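The values are calculated or read from the model by the stated rules, or taken from the named source; none is laboratory data. If you're wondering where the values come from, they're calculated on a predicted model, not measured in any experiment. Positions of Cβ are backbone-derived with ideal geometry, glycine not excepted, and every protein chain shown enters the neighbour counts. With ligands, DNA and RNA removed, areas are computed over all heavy atoms of the protein, side chains included. Shrake-Rupley method; radii C 1.70, N 1.55, O 1.52, S 1.80 Å.
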Amino acid sequence: MSDQEAIQTILKGYKEKYSILVDRYQDLVFRTCMGFFHNKEDSEDMTQEIFVLAYQSLSRFKGESSFSTWLYRITINASLNKLRKNPIEKLFKQLGAFSIKDSEKEMTFQIPEFETPEDILIKEEHRNWVQNALNSLPENQRTAIVLSKYDDLSQKEISEIMNISEGAVESLIQRAKTNLRKKMIQKLKK
Amino acid sequence: MNCQQCQKSLYEYSEGKLPERMKVEVEAHLANCEGCKRVKSLLMLSENVIQEEKRFRPEPFLFTRVLSQIEKAEQIEIQFIPTWRRIVSPIMVSLTIIAALYIGITAGSKLMKSPLENQIPAELTYFNDAAMESVYAFNEN
């Protein structure tokens, strides 16, 4: 069943058919959320919220773009709104460098047995540094870099989602990379 | 190639997007420059962090959770009472109770006989039986 057919069926009242779209796009939404939140639990909650939001807005989907593009837009807007609303929570998360659950740590880094606790701490610190560096980018640069790095989308696809030209996407990605590189150099100088 | 040029090309280098000639130049510079080598390793570590984060997958049964949240939201929507109704409803209820009381009292007073009708006639109201007893009957003298 195509996306459009599934949407028509759902709008007729067969809400259980929404499972087709959820199953098809859950990885896409979750991965993008990971790019914004860098945390499994938060991304999981956000994915759930986005699918509820998408269901409630389904009647407004005109089919002018593909469903995935429309869903990407909802994901980006909802994630950015959430981050804007929770600056204090975000700050606490950034400060809580070592608050990641053990299970998550195991999944994030497959640490070989010979690594010392010091190595693990360095990696953990580095992980937090990378996340903070990404989070400190301006919203449009962050969006472009998340779609490029986390979703492996082409500049054309990103331009469609962000509703800007391909040249503008390229410029955003370049500026994001430059900013990240500058932060790296600053870090090495410390 | 100087450090600035090398560092500018590092992202493309790590993504394998550099032309062969540039790639050779970057590698030659990296072999002799400790600073750029450190920037490169930091960049590679950053790429690793992103790759590791991409490996996460959502928990199973996502749809079940989404559906339950949708149904919960729909129920709240049904239960939602608009503000004007929240103000008007108590007023209407109060007015209905007052009206019901008024109708009840009015109808009751018209239909029921007054209990005063069965009372002792007015001329006997203050009649004192004790006063009628001859006092002397108790008088031993």
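Checked against the criteria, B:SER41 does not count as more than 14 Å from every other protein chain (Cβ to nearest Cβ) and either open to solvent by 50 Å² or more (accessible area, probe 1.4 Å) or aliphatic (A, V, I, L, M) (or both).
Note on the range A:33-49: residues that are facing chain B (nearest Cβ under 9 Å) and among the aliphatic types (A, V, I, L, M) total 1.
Mind listing just one residue for me: the one in the range A:26-36 that is touching a residue at least 40 places away in the same chain (Cβ under 8 Å) and open to solvent by less than 30 Å² (accessible area, probe 1.4 Å) and, of those, farthest from A:ASP151 (Cα to Cα)? Let's see the steps before the verdict.
The initial filter retains those residues of the range A:26-36 that are touching a residue at least 40 places away in the same chain (Cβ under 8 Å), namely A:28-29, A:31-36.
Now restrict to residues that are open to solvent by less than 30 Å² (accessible area, probe 1.4 Å): A:28-29, A:32-36.
On the way: A:LEU28: 7, A:VAL29: 9, A:THR32: 7, A:CYS33: 10, A:MET34: 10, A:GLY35: 9, A:PHE36: 12 Å.
Ranking the candidates gives A:PHE36 first.
Is at least one residue of the range B:82-94 surrounded by fewer than 16 Cβ atoms within 10 Å (Cβ to Cβ) and within 12 Å of chain A (Cβ to nearest Cβ)?
So the first thing to find is which residues in the range B:82-94 are surrounded by fewer than 16 Cβ atoms within 10 Å (Cβ to Cβ), and the list is B:82-94.
Retained after the next criterion (residues that are within 12 Å of chain A (Cβ to nearest Cβ)): none.
No: zero hits.
Please enumerate the residues belonging to the range A:8-25 that are outside any helix (DSSP H, G or I) and either open to solvent by less than 80 Å² (accessible area, probe 1.4 Å) or β-branched (Val, Ile, Thr) (or both). Passing the criteria: only A:GLY13. Does A:ASN140 qualify as being open to solvent by 70 Å² or more (accessible area, probe 1.4 Å), modelled with pLDDT of 90 or more and within 19 Å of B:TYR11 (Cβ to Cβ)? Yes, satisfied.
Give the range B:1-12 a look and list any residue that's at pLDDT 85 or above and more than 12 Å from chain A (Cβ to nearest Cβ), or say none. Hits for the range B:1-12 are B:ASN2, B:GLN5.
Looking at the range B:28-56 only, could you name the residues that are of a type in the set (Asp, Glu) and farther than 20 Å from A:LEU188 by Cβ? First the steps, then the outcome.
Going residue by residue through the range B:28-56, those that are of a type in the set (Asp, Glu) are B:34, B:47, B:52-53.
Of everything in the range B:28-56, those that are of a type in the set (Asp, Glu) and farther than 20 Å from A:LEU188 by Cβ turn out to be B:GLU52, B:GLU53.
With respect to the conditions (1) on the phi > 0 side of the Ramachandran plot; (2) assigned to a helix (DSSP H, G or I), A:ASP152 falls short on a single one, namely (2). For the range A:150-171, a residue qualifies if it is more than 24 Å from B:PHE56 (Cβ to Cβ), within 14 Å of chain B (Cβ to nearest Cβ) and within 17 Å of the chain's Cα centre (by Cα), and exactly one does: A:GLN155.
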